[in-house]
Amino acid sequence: MYSRHDEVPQLDTWPSQVDAHYFNHVQRALKHLGREIRLELPGLKHLDLILQKDSWIIVDRVLNDYPIAAWCDFQAEHRDNLHEAISCTLRTFHFGARLVLKRTLDAMENYLIDELAKLTPDEDPHVIPFKKSPP
């Protein structure tokens, strides 16, 4: 398992959130495709995304998988919903990390939709967000 994001100095760290549909897709993919998923990011030369249960790390494969950014410390324990964003910590290790975050999540989503569709071709691979009913 990749762990350099816990070992190298961070440029910046701040609280963040990940949309529920991203988080749900990653958890489902990890359950069906393996404990760690590595994918190339189209349009982002030499950057890969490593998905693990407790962190998603953008790495530069040309620089020996040096981390660029990482979503870590997901607050999913005792989660009682599937539609609300998940709080996490976003760590950056490179000055340009913020420029690739959205493109990374979009590429990840497209990849996971394709891979999960191969497993269950008759099912819709999208996670449907449920709205919270009023009290």
### Query
Scanning the chain for GluC sites (Glu not before Pro) in DSSP loops with at most 10 other Cβ atoms within 10 Å, what's the longest stretch left with none?
8-76
### Task
Pull out the extension gain between Leu119 and Lys45, defined as 0.36 nm times the separation in residues minus the alpha carbon to alpha carbon distance; nm, one decimal.
23.8 nm
### Task
Calculate, in nm to one decimal, what Arg98 and Arg28 gain on full extension: separation in residues at 0.36 nm each, minus their alpha carbon distance.
22.6 nm
### 18 Å reach of a label modelled at Phe130, 7 Å along Cα-to-Cβ, counting backbone N of the range 1-29
20-28
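Full-extension gain between Gln10 and Arg35, please, as 0.36 nm times their residue separation minus the C-alpha to C-alpha distance. Intermediate values should be presented prior to the final figure.
Details: separation 25, 0.36 × 25 = 9.00 nm, distance 2.50 nm.
Extra length from Gln10 to Arg35 when fully extended: 6.5 nm.
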### Message
Can you tally the net charge around Asp12? Count Lys and Arg as +1, Asp and Glu as -1, for every other residue whose Cβ sits under 11 Å from the Cβ of Asp12.
### Response
+2
### Query
Roughly how tilted is helix 101-119, in degrees to the nearest 10 and between 0 and 90, from the longest Cα axis of the chain?
50 degrees
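Any idea what the dipole of the range 3-135 comes to, in debye rounded to 20, about its Cα centre with Lys/Arg Cβ at +1 and Asp/Glu Cβ at -1? Please report the intermediate quantities before stating the final value.
On the way: 16 positive and 21 negative charges, 31 e Å.
The calculation lands at about 140 debye.
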### Message
Taking the Kirkwood radius as the inverse of the mean 1/r across Cα pairs, report the Rg/Rh of the chain.
### Response
0.97
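Computed from the coordinates by the stated procedures, all read-outs in this text should not be read as laboratory data. This structure is a prediction, so every number in the text was calculated from the model and none was measured. Cβ sites come from the backbone with ideal geometry, for glycine too, and all protein chains shown count toward neighbours.
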